Every structure is written in C-alpha cells, then in structure tokens.
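What follows is a single structure, written as structure tokens, with notes after it.
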C-alpha cells in the first residue's frame, strides 16, 4: 500500500486534540520518568511509570493512527527487559551485595524500577498497537 493510499484511509483528527496531545507529550514523558526514578522514595514506581510511558503510544496512535511501529521490535525489547528483571535480583541475591553494602539498596531499587517501567511501557504499548492494527480497529476508530 502506498503512502498516498494509506493517508486516504486515515480519518482527519481534531486540530484541538492534536495540539493538546502535542503540548502534553513531553510532560507525559517527564512524568513517566519521574515516577519511575523516584518510585522507591514516593508512591509509584516501575509499573505506574511504565503505564504513563505506555500512554505515549496511545496518545500517538490517537493523533496519528498509522501502523509504522513494528510491534515485534517492541516485543523483543520487552523480552530483554523481562530477562533483566529476572537476572538482576538473582545476581544481587547470590552475590550478597545488598547485605554487605546496604547503601546500594537505593541504586538497586532504582534499577529495578527502571527495568520494570520500561518492560511495562513496552508491554502495554505492544498490547495497544496489536489491538489497534491487528484487530481491525485502526481504520474505523475515531475521536
């Protein structure tokens, strides 16, 4: 399908919606990163921050519903981060780093929040993109 045919399938979105999401996009990114990084000090953490980051995929799809993101790449990254989520605690547990050096506990928790946040963000992003484009909703759904 050529770009011209693809652009004709995309319904025209509201200019107000495009401007609002365009304005909020960097703030959503910063909020997601903030929630992930400060998750071990404040309420929130990896899952909540990852959900905010996944909302970036959803907002982008709402404004510009084009299937130009390969969900297989996102799924591959999700698997890599899932493996890291499993390996990191095992390394910390079997090496005894936290018990010998308790001052590294905050770094470990931040690392785990980052791994979980990215994994959740990719996971929810993959779910939304697969639902939108592989279930046939992408060409008919409109705000």
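Coordinate-derived values only; no laboratory data. Every value quoted in this text rests on a predicted model; they were computed, and no experiment measured them. Positions of Cβ are generated from backbone atoms using ideal geometry, with glycine treated the same way; all protein chains shown enter the neighbour counts.
The alpha carbons of the stretch 23-81 occupy a box of 38, 32, 12 Å along the principal axes, longest dimension given first.
Modelled spin-label separation between residue 41 and residue 104, with each label point placed 7 Å from Cα along the Cα-to-Cβ direction: 2.1 nm. Distance between the pseudo-spin-label points of residue 111 and residue 75 (7 Å out from Cα toward the beta carbon): 3.0 nm. Extending 7 Å from Cα along the Cβ direction at residue 82 and again at residue 19 yields two label points whose distance is 4.2 nm. At a Förster radius of 25 Å, what calculated FRET efficiency corresponds to the Cβ-Cβ distance of residue 27 and residue 64, to the nearest 0.05? Here the calculated transfer efficiency is 0.85. Ratio of Rg to Rh for the stretch 17-120: 1.08 [Cα atoms; Kirkwood radius as inverse mean 1/r over pairs].
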